[in-house]
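The values are calculated or read from the model by the stated rules, or taken from the named source; none is laboratory data. Since the structure is predicted, the reported quantities are computational estimates derived from the model, not experimental observations. Cβ coordinates were reconstructed from backbone atoms using ideal geometry, including for glycine residues, and neighbour counts include every protein chain displayed. With ligands, DNA and RNA removed, areas are computed over all heavy atoms of the protein, side chains included. Shrake-Rupley method; radii C 1.70, N 1.55, O 1.52, S 1.80 Å.
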Amino acid sequence: MQTCACVSLSGGQGKTTVIFNLSLLLAQQGKKVLAVDCDPQANLTFYLNHEVEPNQPTLLEVLNGKVQTEDGIYSTTHENLFLMPSDRSLFKVSEYLASSGTGAFILKLRLKAVQNLFDLVLIDVQPSRSQICLTAVGAADYALIPVEAATKGVNSLIDTLEFLEEQASVMAFNGKVLGIIPFRDRWVGLTQTLESRENIATIKEFAGDIPVLPSIRESEQFKRAIRQGKLLSDIGQKDLQYPFEKMIEVLTNER
Ligand code: ATP
Ligand code: MG
């Protein structure tokens, strides 16, 4: 089982978009995938069309040990794709994680219980240096960092790299950063906008040895696909799916 988290410390950088598309694509390729919603905003849970019922356990109850890991996992409408959902109540887990003393390792421990059931675990991470973020990063063998091709994205990249280095220095992140993905790369016809070009150049400077993977183009088609719960290829936009295919290639090469 490989565990990969999508991390960026600012909002709106494409984390949930990446996890949604990677999950569907890998599941379609026949991999058993567990998507974990580590964000109390619960966008991933919503995108995968899962409604959390009041008495049903979520990631919260798995993390705080109220239920076994399997009890917080649900099937989705997609074959091979399973979800550990969240809702706003996930906020409540912070205190438990902080007081446990080993909060950064709890998700990793909980996921060990299902390591024989899945090929891949994909984690959507809350955009802040929260306890929830720490435990998500602590569970990851690999990290992907999506960043907007804009000034906000460059700043988010700097913060995120610094954060991962800090976590690695105390052994609370033992994974590898697989790549940085520029998000909302804007083109007008066949021409990339100057803003996107300049920002991606700056992203490459800060990336150092970390590969900058093919960018996600700015397009309304992504929202359309998500609204329909489908892959871009399923709505006739296979070209736009290329960055996700490339991420899978990079992940596969790590095996
Ligand atoms: P948060 O930190 O708030 O969870 P995020 O990093 O998960 O945000 P997303 O939710 O994936 O970011 O994307 C931000 C917004 O951009 C969403 O409204 C999404 O629908 C939209 N979006 C996704 N893909 C594209 C795209 N290729 N072009 C333009 N907008 C997009
Ligand atoms: Mg998100």
Of 216, 210, the only residue that is at pLDDT 95 or above, within 14 Å of ligand 1 (Cβ to nearest atom) and closer than 20 Å to residue 127 by Cβ is 216
Of the conditions (1) open to solvent by 20 Å² or more (accessible area, probe 1.4 Å); (2) in contact with a helix residue (DSSP H, G or I) (Cβ under 9 Å, 6 or more places away or on another chain), the single one that residue 75 does not satisfy is (2)
Among the candidates 34, 59, 44, residue that is open to solvent by less than 20 Å² (accessible area, probe 1.4 Å), within 16 Å of ligand 2 (Cβ to nearest atom) and more than 30 Å from residue 154 (Cβ to Cβ): 59
Only one of these conditions is not met by residue 39: (1) charged (D, E, K, R); (2) away from ligand 2 (no atom under 16 Å from the Cβ); (3) touching a residue at least 12 places away in the same chain (Cβ under 8 Å). Which number is it? (2)
Members of region 207-225 that are away from ligand 2 (no atom under 16 Å from the Cβ), more than 26 Å from residue 177 (Cα to Cα) and not in a loop (DSSP other than H, G, I, E, B): 221, 224
Here are some conditions: (1) under 30 Å from residue 158 (Cβ atoms); (2) away from ligand 1 (no atom under 16 Å from the Cβ). Residue 21 meets all but one. Which one does it not meet? (2)
Filter region 1-31 down to the residues that are within 13 Å of ligand 2 (Cβ to nearest atom) and part of a loop (DSSP other than H, G, I, E, B), then identify the one that is most open to solvent (accessible area, probe 1.4 Å). 12
Complete set of residues in region 203-218 that are among the small types (Gly, Ala, Ser) and open to solvent by less than 40 Å² (accessible area, probe 1.4 Å): 207, 215
